[in-house]
Structures are given as structure tokens and as C-alpha cells.
Amino acid sequence: MAGMGRSSRAGRGTDKARTDKARTDKGRTAAEPQSAVTGPGGRTHAQGALTRPVDSGLAELRPDRDRSAAWSLLIDGAPQSMVDLADPTHLGFEYQRRLGHLIDLVAPPGRPVTVLHLGGGALTLARYVAATRPRSRQQVAEIDTALTELVRTELPLERGWQIKVRGADARSVLERTPEGTVDLVIADVFSGARVPAHCTTVEFTALAARALAPGGWYAVNIADGSALSFARSQIATLGAVFPELCLVADPAVLRGKRFGNLILAAAHTSLPIAELSRKVASDAALGRVEHGRALADFAAGAAPATDVTAAPSPAPPPEVFR
């Protein structure tokens, strides 16, 4: 997951964009059940920061200065996400909060759902689902098994959460997901700081659509800037499979003024645009929801990506990581 989103401490339009998460996505097939480490506890601030090599680089757990049980996860110095062991409903970065809004709206409040997370990192969103929708069943595809082990050990999951993590490539997990079994697929897959080409295509999107149960949604986190050519292509790609689409992003990102995250949501049934817009408007970080004709006009002329034509998302400019 690579997030250029701002933390919850940010005021509207005041923070410099930053990358929250960068991960290497390379082939691995071993399945790993999550039951090895569960329960309360975990690393305390008194123990201080921790650095450790993982498959994708040097991981750092850094205590959050504002929340006494919260930790930021960084890879090679790039902020990825925040986990608050005392409050798993806290989503510290704006792109995760926007995905959280979709989690809130995919079913009536509190109803258990089945979620497939493509990309796991610190398992922030899986924790959020487990806390807000008890008895939900979740599977996570996270290729960096060393990172998963670090997270399980230092930031353990609560006992009873039904979360299984597979140390495998996101597309390979998606290919093996039974048809019509998932209420929400969240694709948050990055290699380094870029979405890998094989996870950006019509074929990949069709696999996600196949996995969805009736009424299910597909949500995607991407990053782009400047001319937004990649974002426009991804809108066309999802539109080649799903009839209903929307996009959530900072207006500055949509104007090409800064590099940042864009969240796409797609479904075969109507999306709750009004409710989503209200949630986005209530956030501390400025955001806008585009859909319908405005979204079609935004992506006009863009071609869908296929397994033959796809390229990774653009690399963020160097200043994003500072």
C-alpha cells in the first residue's frame, strides 16, 4: 500500500503530501494462517522505536507522539500507516479513512461482511473491519512475510478476529478466490511506491468482479499526479468491467497540483454517492467525490489497461518522501 495521504492531525489543505506505504510485490506462494499471534498487548512506547529488515526494505515502528498506544509503520523511511492498539477504529491517514468510509457503507452498520484485502501492511484496515463489524471473515494477501511476522509480534491482533494472512502475490490469491464469495475486495497493492502492472488491468479487475457476491464492491487505492494519465486509465479499466464507479481524492490531486492517492470504488449495483459524499466532507482532510458524467468527462479518451498494454503507476516525485 502506498499512501500519499495526510494524517488525522492535518487541517484541510495545509499538509505536504507524503507517502504512507511502499511495498515490494514479488512472487511467493506460501500460505500463512494468522492464528500464531493474537490477543491484547503488544509493543509499548516505553520500549521505543524498532527497526528491522523485512523483504521490502528496512521496517521501522515509530511511537506516535499524539496517541499513547499508536505506532507508525515506515519502510525505508516512507510512512505507510498507523495502528492504534487501543483503538483499532482509528485510521490515521486520509486514504485509509476514505477506504474506511466504503467499509462503513458496504452493508448496514455492524453487519458482518467478508473482505479480501489485496495488500496488508500493518493490517490497519483489517483491524478496522474486525472492530466495526464483529464476526466478519477476512483474508489478506501480503507478499512481505517478514513484515507480517513483525506486525503480528509487535502489533498483535485481538483474539477472536477472523483474519487470515497469505504470504502470496495479490493476483495469485485473487485467482484462487471462489466465485461470488466476497462482499468487498480492497486492492491496495504496491511494489516499491508503484502499483505493479499486473494488478492494474481489465483481466485483474474481472477477477475481482468474479470474486464478489451479489451487491459486493471493489475498492482500489492508486497514486498519481500531474496529468493523471494513470488514474484516467484506471477509471477506464474499471469501467470496462463495472457499470457503477466513483472516485474520491483531494481536489489538489484531481487538478494535478500534487501527487497523491485516489480511491476508486466500483460495483454492479448503485453506489451510495450521497452518503459517501457526506462522510468525505466530514473528514479533516479536504476531499471530493466524482461520479457519473463528471467522472466520465474526467477520464474521456483514456484507454483501459490490459495484460498486454499495462504499465506500473508512475513513481512519485522525490519530494513526496521528504
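Numerical summary
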{"item": "Dipole of the chain [Lys/Arg +1, Asp/Glu -1 at C-beta], most positive-end residue of V189, G292, L50", "result": "L50"}
{"item": "Length-normalised contact order for the chain - Cα pairs under 8 Å, 6+ apart - percent", "result": "20"}
{"item": "Accessible solvent surface per residue of the chain, calculated while the other protein chains remain in place, 1.4 angstrom probe, Å²", "result": "38"}
{"item": "FRET efficiency, 1/(1 + (r/R0)^6) with R0 41 Å, evaluated for A131 and V308 via beta carbons", "result": "0.50"}
{"item": "Structure-derived P(r) over Cα pairs in 10 Å bins from 0, in percent: which label, when the choices are [x] 6, 26, 35, 24, 7, 1, 0; [y] 6, 30, 39, 22, 3, 0; [z] 6, 24, 32, 25, 11, 2, 0", "result": "[y]"}
{"item": "222 nm mean residue ellipticity, helices alone, for the chain (DSSP H n ≥ 4; -39,500 (n - 2.57); rounded to 500)", "result": "-7000 deg cm²/dmol"}
{"item": "Contour minus Cα-Cα distance for D66 and E319 (0.36 nm per residue)", "result": "88.6 nm"}
{"item": "GNM result for the chain, Cα springs below 10 Å: residue of P88, P109, P156 fluctuating most strongly", "result": "P109"}
{"item": "Net length gained if the chain between R52 and A213 were fully extended (0.36 nm per residue, minus Cα distance)", "result": "54.1 nm"}
{"item": "Computed accessible area, R67, all protein chains, 1.4 angstrom probe, square angstrom", "result": "70"}
{"item": "Bridge type composition, the chain - antiparallel percent by DSSP, nearest 5", "result": "65"}
{"item": "Magnitude of the charge dipole, segment 232-322, Cβ model with Lys/Arg +1 and Asp/Glu -1, debye to 20", "result": "280"}
{"item": "Heavy-atom SASA rank of V140, V308 (probe 1.4 Å, accessible area, largest first)", "result": "V308, V140"}
{"item": "Accessible-area ranking of E158, E94, E175, largest first, probe 1.4 Å", "result": "E175, E158, E94"}
{"item": "Residue of Q80, Q96, Q162 that the Gaussian network model of the chain assigns the largest fluctuation, springs spanning Cα pairs under 10 Å", "result": "Q162"}
{"item": "Pairwise centroid distance, computed over Cα atoms, of segment 257-275 with segment 103-182, Å", "result": "21"}
{"item": "Segment Q162-A284, extension gain: residue separation times 0.36 nm, minus the distance between their alpha carbons", "result": "40.8 nm"}
{"item": "Where labels lie 7 Å past Cα in the beta-carbon direction, separation of D76 and S172 in nm", "result": "2.2"}
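The values are calculated or read from the model by the stated rules, or taken from the named source; none is laboratory data. Everything quoted here is computed from the prediction, not taken from an experiment. Positions of Cβ are backbone-derived with ideal geometry, glycine not excepted, and every protein chain shown enters the neighbour counts. Surface accessibility is based on the protein's heavy atoms, side chains included, excluding ligands, DNA and RNA. Shrake-Rupley method; radii C 1.70, N 1.55, O 1.52, S 1.80 Å.
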